[in-house]
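Student: Questions regarding the structure given below will be posed in turn.
FYI, it's all coordinate maths here, none of it is from the lab. Model, not experiment: these values are computed from the prediction. A quick note on method: Cβ atoms are made from the backbone with ideal geometry, for glycine too, and the neighbour counts reach across all protein chains shown.
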Amino acid sequence: MDRSKVDTNYSATYLPPAVNQPSSEFLLGRLKSYWQSMGVTDPMQVVVLSKRALQHAYRLPEQPEIDPVARALIGASAVLDDWLIRSLNLQNNPGNLKAARAALLSGVMPGWPNMVLYPPGTDEHPLDALRLAIAKPTPELIPRAMPTQQIRLFSLFGLFRLLWRKICHT
Amino acid sequence: MATPVRHLVLIEHNLRRMIFFSLIAITTIIAVGLLVSAFHTDGLSHMELVLLLLYTILFSWICISFWSAFVGFFIILFGSDRLSISRQFAETLPNNEAILLPCTAILMPIYNENSGRVFAGLRAIHRSLVDTGKIDSFDFFILSDTRDPDVWVEEELLWRDMVQSLDGKGRVFYRNRPENSSRKTGNLRDFCTNWGGHYRYMIVLDADSLMKGATLVKMVQILESNPGVALIQTPPVPVNRESLFARILQFAGGIYGRMFTAGLNYWQLGASNYWGHNAIIRIQPFLDHCGLPQLPGNEPFGGEILSHDFVEAALLRRAGWEVWLAYDLDGSYEEIPPTLIDYAKRDRRWCQGNLQHLRLLMSRGFNILSRLHFFMGVMSYIASPLWLLFLVATGAEAYLQKEQELVYFFGENWMPVWPVSFAVEMTTVLLVTLAMLFLPKLLALLLLLKDRKLLQSYGGLVSAASSVVLETVFSVLTAPVLMLFQTKFVLAILMHRAVGWPQQQRGDHMTSFKEAVLAHGGHTIIGLLTGILSYLYIPAFFWWFTPVLAGLILSIPVSILSSSINLGRVSRRLGLFLIPEETKKPAVLHYLEVNLKEAPVLSILREKPYSRFVQTLIDPYVNALHLSLLPEREPPGRRHQHYLDGLINQLEDDGPNSLSASQKRDLIADPASLRRLHILYWSRPPADIGTL
């Protein structure tokens with residue numbers, strides 16, 4: 001029997017186990033990859049955005065099932081969302097926020113990291129491109145009724161009943 | 001109240017129908033009379049009675065096609081039909097440019113289709129509409145019922161790409177239904193009840209439909225100028241395929257199709273039918289009258305109405321609305337199955353729906369012509385087992401005749417009594433039947449002589465005539481195969497058995513030897529056995545039977561060869577089976593070709609990822625886009641949450657390949673699970689993340 005096949009580490013799963021006490025290098029490394037996947041290429045911007053993400057992460061309520069790395073990544077998303085909400089006035093509009101995030105990441109506003117790092121209102125021009133790119137998937141709902149039609153199928157019994165009624169009537 | 005003019009029109013409608021059905025009745029009576037006189041030598045046997053009954057049904061069935069084509073021939077020969085929907089209202093239409101069109105929705109209901117082709121087609125229609133200058137009057141809806149998670153995400157990206165590249169914000173819409181209840185009917189109902197209020201008309205397309213912008217505009221104008229019409233169907237012309245099989249069918253559809261549709265319009269007029277796509281529908285009457293019920297009982301005859309189009313047209317007619325076939329509106333296209341096997345697979349899907357109409361034939365309240373449409377739908381499949389039965393009965397009768405010994409001297413007769421020959425009657429019956437089947441092909445060829453430009457677009461007289469001859473040979477060879485396929489489908493449905501074929505492949509592809517043997521092995525064996533038995537026991541019958549036997553015995557090579565794209569291309573180079581759309585490509589078809597080659601605007605679409613599902617979990621943009629397109633919904637219940645947690649755990653442990661397509665769909669349909677997985681992938685990236 002090939003022992004090597006039996007003795008393989010049973011806990012070796014597709015996603016590696018969570019790191020419960022990550023070093024700051026590890027944490028920043030994951031954040032860096034995440035920001036890069038969103039199109040942030042400038043190392044300085046990556047550092048500043050990561051710091052903001054960590055600040056956000058510290059403010060998040062404690063949840064035992066969320067490990068520190070995940071918390072930091074949630075913080076990164078929150079940095080982006082906060083900026084979108086403030087810049088585009090999207091308070092109380094989760095649907096539009098999602099559409100705005102999708103539009104931003106589609107690449108219509110290549111300099112967005114700069115915008116996030118500056119206070120809102122400094123240069124409104126790039127935001128117009130973002131507003132234009134926010135496309136709603138469907139128009140507003142106008143509910144209409146579509147009543148189910150009655151189709152009276154032919155049945156011999158029905159035919160006899162009809163005949164009987166006619167006979168009785170005459 | 002009907003005006004006197006309207007009254008006259010109605011009289012003319014009824015007169016046309018009377019003439020048409022009288023022609024069918026008279027022809028059938030003559031043919032059946034000839035057969036009776038041939039049979040009636042010593043009284044009718046049981047077998048002869050069966051043969052007569054079958055012949056009457058089948059002959060009247062082919063009579064409908066024949067007379068439709070015959071009438072259509074004269075309509076096209078002398079110009080066009082005075083009562084056609086497009087001509088009838090052409091005079092009332094003001095200058096096209098000045099008309100402000102009401103906003104119309106172009107609907108593309110899709111289900112796990114080749115999304116690249118779907119969006120390329122929509123973009124071609126969009127561009128064609130831009131050419132007309134009326135694009136602002138049209139909105140596009142991609143109504144997705146797609147269940148495959150990879151295809152779903154691909155559709156979303158292509159939608160976004162279309163919006164971005166065509167400046168389609170607020171004009172091009174997309175939604176994926178959380179539950180695809182009631183299939184296409186439910187899909188359209190969902191559109192009508194949610195967004196139908198924005199529009200007066202909707203134009204329903206199929207995944208492989210294409211329509212010229214000018215045709216779409218004209219359809220809206222015609223409906224706009226006639227408030228009594230609820231639906232206009234255009235005849236879709238088959239195009240764009242390259243396999244030999246599809247090119248032959250395209251040619252047949254192009255050259256004969258216009259004659260048949262002109263003939264159908266002659267007698268159907270405002271009581272026409274709906275074919276499910278390439279049609280414009282007035283939304284309000286559709287909402288009011290086309291909510292389809294479930295039929296009582298179980299499948300195949302109960303449950304959801306499968307072939308909804310016929311029923312919707314019948315319901316509109318029942319409510320007093322007119323339904324027209326605009327036979328003379330060009331610019332309406334569709335793509336057909338590329339191989340004989342795919343063609344049969346499509347038939348399998350349609351067969352069950354059409355047989356279900358048997359129950360509606362006698363339902364109360366439907367117009368007589370709606371009943372006839374139901375009957376014709378049923379007959380298009382029932383005819384096959386009836387033809388088979390007819391052939392078997394003919395063989396049996398021939399065998400019985402052969403076994404009878406002729407007696408020349410009986411009773412007091414001292415002179416021999418020669419048997420009376422009915423060869424003339426039998427030959428006449430045969431010739432009449434063959435004429436009914438093949439004369440329309442000749443008429444179609446004659447019609448080409450009238451229009452030199454059209455004749456050239458079919459490659460000239462020699463090419464067109466050769467193509468008609470070859471197409472006839474091909475249809476003779478494939479008819480028995482389709483007869484056996486359809487008989488099998490009808491029997492399977494009646495016995496509540498699923499035939500179990502996978503989903504239809506729309507794109508050109510060649511039939512493999514294995515696939516052909518699996519599909520046609522039975523046909524070949526049946527052909528060989530029947531051939532041997534008939535040769536041994538009824539040799540006279542054998543020779544009459546050879547066309548049918550040849551079709552069955554050669555079914556495997558015919559199926560493989562006809563699926564060949566190379567042979568299709570060679571036939572095109574030889575000028576065979578040419579259609580006008582190949583000779584001079586209409587702009588909308590050209591746009592489609594360009595769109596299929598053009599690189600998308602979204603860079604992510606240029607990548608071919610390992611899986612769009614995994615990309616949705618990892619890529620922040622794809623993830624954000626998908627989240628933004630998910631409909632608002634209540635948080636899942638406790639049990640469903642446990643189920644989703646279980647799937648996430650499974651993915652964590654065993655990777656995405658361990659999940660089924662429906663499990664993947666469940667995960668990415670839930671916003672919370674999707675966010676959780678996105679964070680999971682980035683906080684604990686798998687070893688193979690670089691390759692994903």
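Student: If you take the beta carbon distance between B:LEU53 and B:ALA479 as r and set R0 to 22 Å, what does 1/(1 + (r/R0)^6) give as a FRET efficiency, to the nearest 0.05? Working shown, then result.
Tutor: Working: r = 22 Å, r/R0 = 0.99.
The value I calculate is 0.50.
Student: Looking at the square roots a ≥ b ≥ c of the eigenvalues of the Cα gyration tensor of segment B:226-267, which shape do they give, rounded for a/c under 1.5, prolate if a/b is larger than b/c, or oblate?
Tutor: Details: a/c = 5.57, a/b = 2.13, b/c = 2.62.
It comes out oblate by the Cα gyration axes.
Student: Name the residues whose placed amide hydrogens come within less than 5 Å of the amide hydrogen of B:TYR201, ignoring near sequence neighbours (fewer than 5 apart) on the same chain.
Tutor: For B:TYR201, the qualifying residues are B:ALA105, B:ILE283.
Student: Rounded to a whole number, what is D in µm²/s for segment B:521-587 from Stokes-Einstein with the Kirkwood radius over alpha-carbon pairs (25 °C, 0.890 mPa s)? Intermediate values should be presented prior to the final figure.
Tutor: Values: Rh = 14.4 Å.
This corresponds to a translational diffusion coefficient of 170 µm²/s.
Student: Would you mind checking which residues have amide H under 5 Å from B:GLY291's amide H? H placed 1.01 Å from N; only 5 or more apart, or other chain.
Tutor: Residues meeting the criterion, in which the H sits 1.01 Å from N, are A:GLN149.
Student: Here's a follow-up. Could you work out how far helix B:4-39 tilts from the main Cα principal axis of chain B, as a 0 to 90 degree angle to the nearest 10?
Tutor: On a 0 to 90 degree scale, this one is about 50.
Student: Right, another one. Suppose R0 equals 60 Å; then what is the FRET efficiency for B:LEU8 and B:GLN401 from their Cβ-Cβ distance, rounded to the nearest 0.05?
Tutor: Working: r = 55 Å, r/R0 = 0.92.
Once the sixth-power term is evaluated, E becomes 0.60.
Student: Expressed in nm to one decimal, what extension gain is obtained for the pair B:THR583 and B:GLU632 from 0.36 nm per residue of sequence separation less their Cα-Cα distance? Mind showing how you got there, number by number?
Tutor: On the way: separation 49, 0.36 × 49 = 17.64 nm, distance 4.98 nm.
Answer, rounded to one decimal: 12.7 nm.
Student: Can you give the FRET efficiency for A:THR138 and B:ALA319, using 1/(1 + (r/R0)^6), R0 = 41 Å, r = Cβ-Cβ distance, to the nearest 0.05? Working shown, then result.
Tutor: Details: r = 29 Å, r/R0 = 0.70.
The value I calculate is 0.90.
Student: Separate question: For the cross-link pairs A:LYS136/B:LYS134; A:LYS32/A:LYS98; B:LYS169/B:LYS608; B:LYS345/B:LYS488; A:LYS98/A:LYS136; B:LYS212/B:LYS453, which exceed 18 Å when the distance is taken from alpha carbon to alpha carbon?
Tutor: Numbers: A:LYS136/B:LYS134 22 Å; A:LYS32/A:LYS98 23 Å; B:LYS169/B:LYS608 26 Å; B:LYS345/B:LYS488 12 Å; A:LYS98/A:LYS136 10 Å; B:LYS212/B:LYS453 21 Å.
Correct reply: A:LYS136/B:LYS134; A:LYS32/A:LYS98; B:LYS169/B:LYS608; B:LYS212/B:LYS453.
Student: Sorting check: for B:334-345, B:652-663, B:518-529, which peptide has the highest mean count of neighbouring beta carbons within 10 Å, and how do the rest follow? All intermediate terms of the calculation are to be shown ahead of the outcome.
Tutor: Numbers: B:334-345: 23.3, B:652-663: 14.3, B:518-529: 17.0.
Going from most to least packed, we get B:334-345, B:518-529, B:652-663.
Student: What whole number of Å gives the distance from the Cα centroid of segment B:423-487 to the Cα centroid of segment B:367-402?
Tutor: 21
Student: What does the average come to when, for each residue of peptide B:192-199, you count the partner chain Cβ atoms lying within 10 Å of its Cβ? All intermediate terms of the calculation are to be shown ahead of the outcome.
Tutor: Numbers: counts 3, 6, 7, 7, 4, 6, 5, 2.
The shielding value for this peptide is 5.
Student: Shape verdict for segment B:553-603, please, from the Cα gyration tensor: rounded (a/c under 1.5), prolate (a/b greater than b/c) or oblate.
Tutor: On the way: a/c = 3.71, a/b = 1.75, b/c = 2.12.
It comes out oblate by the Cα gyration axes.
Student: What distance in nm separates the simple spin-label points at B:TYR610 and A:GLU25, each placed 7 Å from Cα in the Cβ direction?
Tutor: My value for the distance between the label points is 2.7 nm.
Student: Could you compute how fast segment A:22-136 diffuses translationally, taking Rh as the Kirkwood radius over C-alpha pairs and applying Stokes-Einstein at 37 °C with viscosity 0.692 mPa s? Give it in µm² per second. Walk me through the numbers on the way to the answer.
Tutor: Values: Rh = 14.7 Å.
Value of D from the Cα-based Kirkwood radius: 223 µm²/s.
Student: Between segment B:580-617 and segment B:289-342, what is the separation of their alpha carbon centroids in Å?
Tutor: Cα centroid of segment B:580-617 versus Cα centroid of segment B:289-342: 30 Å apart.
Student: Okay, next question. List the aspartates and glutamates whose Cα lies under 12 Å from the Cα of B:LYS441, skipping any in the same chain that are fewer than 8 positions away.
Tutor: Cα-Cα hits under 12 Å: B:GLU471.
Student: In percent, what relative contact order does chain B have, based on Cα pairs under 8 Å that are 6 or more apart in sequence? Walk me through the numbers on the way to the answer.
Tutor: Values: 980 pairs, mean separation 124.5, N = 692.
With pairs under 8 Å counted, the relative contact order is 18 percent.
Student: Averaging sequence separations of C-alpha pairs under 8 Å and six or more residues apart, then dividing by the length of segment B:627-687, give the relative contact order as a whole percent.
Tutor: Details: 21 pairs, mean separation 20.2, N = 61.
Relative contact order comes out at 33 percent.
Student: On to the next question. Under a crude label model (7 Å from the Cα following the beta-carbon direction), how far is B:SER165 from A:THR41 in nanometres?
Tutor: Result for the modelled spin labels: 2.3 nm.
Student: How much mean residue ellipticity at 222 nm does the protein assembly as shown get from its helices, if each DSSP H run of length 4 or more adds -39500 (n - 2.57) and you divide by all residues, to the nearest 500 deg cm²/dmol?
Tutor: Values: 35 runs with 526 residues, N = 862.
Calculated at 222 nm, the ellipticity per residue is -20000 deg cm²/dmol.
Student: Continuing with the same structure: Average partner chain C-beta neighbours within 10 Å, per residue of A:128-140?
Tutor: Details: counts 0, 0, 0, 0, 2, 4, 2, 13, 6, 15, 9, 11, 4.
Counting other chains' Cβ atoms within 10 Å and averaging over A:128-140 gives 5.
Student: For chain B, what is the percent of antiparallel DSSP beta bridges, rounded to the nearest 5? Display every interim value, and only then the final one.
Tutor: On the way: 10 of 33 bridges.
Among the beta bridges of chain B, antiparallel pairing accounts for roughly 30 percent.
Student: Put a dot 7 Å past each Cα toward the Cβ at B:LEU529 and B:GLN650; how far apart are the dots in nm?
Tutor: Placing both labels 7 Å along Cα→Cβ, they lie 4.4 nm apart.
Student: Gain in length, B:PHE78 to B:HIS509, computed as 0.36 nm per residue apart minus the alpha-carbon separation, to one decimal in nm? Each step should come with its number before you reach the end.
Tutor: Details: separation 431, 0.36 × 431 = 155.16 nm, distance 4.15 nm.
Net length gain for the segment: 151.0 nm.
Student: For a test of the definition: using alpha carbon positions, the gyration tensor, and the 1.5 limit on a/c, classify segment B:241-352 as rounded, prolate or oblate.
Tutor: Values: a/c = 2.45, a/b = 1.27, b/c = 1.93.
Here segment B:241-352 falls in the oblate category.
Student: Hey, another quick one. Could you work out how far helix A:156-169 tilts from the main Cα principal axis of chain A, as a 0 to 90 degree angle to the nearest 10?
Tutor: Approximately 40 degrees, to the nearest 10.
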